[in-house]
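Below is one structure, written out as structure tokens; the observations come after it.
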Amino acid sequence: MLLKQSIISLSDSSNAVFVRIFHLYKGFFRKKTKIRFYVKSSVQVLKRKVKNRKLKKGSITKNYIIRQTYTVKKYDSSTVLLGENSAVVIKKKNIPTFKYFVGPVNSELHNKKFLILFKESV
């Protein structure tokens, strides 16, 4: 489960490494979130210094959570445990901002746009 002020990693080709969550969508009094939900966050750590980059330190982004360390139960009574909390930067119309993604993704996302772009699904 992810809370406000949690630091998560990004698994796309952006130059940002870590972001900090400060808003959870789907309800004003929401305390925690999980896979398949949207969050608003700010960039904390960058990979490298490049002149022409889309994300800068402190820039605000909307993210879609694709992985979490909390165990997820599937419909066939099996469980999936992924190693890290991770998200993808998206635009306003739920389109991913960057083309390349890294790592496995849970098949329970129910979003075909993201399942097609990832190479591995668990």
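The values are calculated or read from the model by the stated rules, or taken from the named source; none is laboratory data. Everything numeric in this text was worked out from a predicted model, so none of it was measured. In this analysis, Cβ positions are derived from the backbone assuming ideal geometry, glycine residues included, and neighbour counts consider all displayed protein chains.
Here LEU55 passes the criteria (1) at pLDDT below 85; (2) assigned to a loop (DSSP other than H, G, I, E, B) except the one numbered (1).
Scanning the range 99-116 for residues that are in contact with a Phe, Trp or Tyr (Cβ under 8 Å, 6 or more places away or on another chain) and modelled with pLDDT under 70, we see that the one that is farthest from LYS74 (Cα to Cα) is PHE114.
Is it the case that PHE98 is of a type in the set (Phe, Trp, Tyr), within 15 Å of the chain's Cα centre (by Cα) and farther than 19 Å from ILE7 by Cβ? So PHE98 fits the description; yes.
Assess whether VAL43 counts as being surrounded by 14 or more Cβ atoms within 10 Å (Cβ to Cβ) and farther than 24 Å from ILE116 by Cβ. The answer is yes for VAL43.
Scanning the range 9-30 for residues that are touching a Leu at 6+ places or on another chain (Cβ under 7 Å) and either farther than 18 Å from PHE101 by Cα or modelled with pLDDT of 95 or more (or both) returns VAL19, ILE21, ARG30. The residue of the range 36-50 that is modelled with the lowest pLDDT, among those that are among the hydrophobic types (A, V, I, L, M, F, W, C) and not in a strand (DSSP E or B), is VAL50. Per the conditions (1) touching a helix residue (DSSP H, G or I) at 6+ places or on another chain (Cβ under 8 Å); (2) part of a loop (DSSP other than H, G, I, E, B), the sole criterion not satisfied by TYR64 is (2). Residues in the range 1-35 that are under 13 Å from the mean Cα position of the chain (by Cα), part of a strand (DSSP E or B), over 24 Å from ARG48 (Cα atoms) and of a type in the set (A, V, I, L, M): LEU2, LEU24. Out of curiosity, is LYS62 out of contact with any Leu (no Cβ under 9 Å at 6 or more places or on another chain), among the basic types (Lys, Arg) and surrounded by 13 or more Cβ atoms within 10 Å (Cβ to Cβ)? Judged against the criteria, LYS62 is a match. Residues in the range 8-35 that are exposed (fewer than 15 other Cβ atoms within 10 Å of the Cβ), in contact (Cβ under 8 Å) with a residue 24 or more places away in the chain and closer than 23 Å to GLU108 by Cα: SER13, LYS31, LYS32, LYS34.
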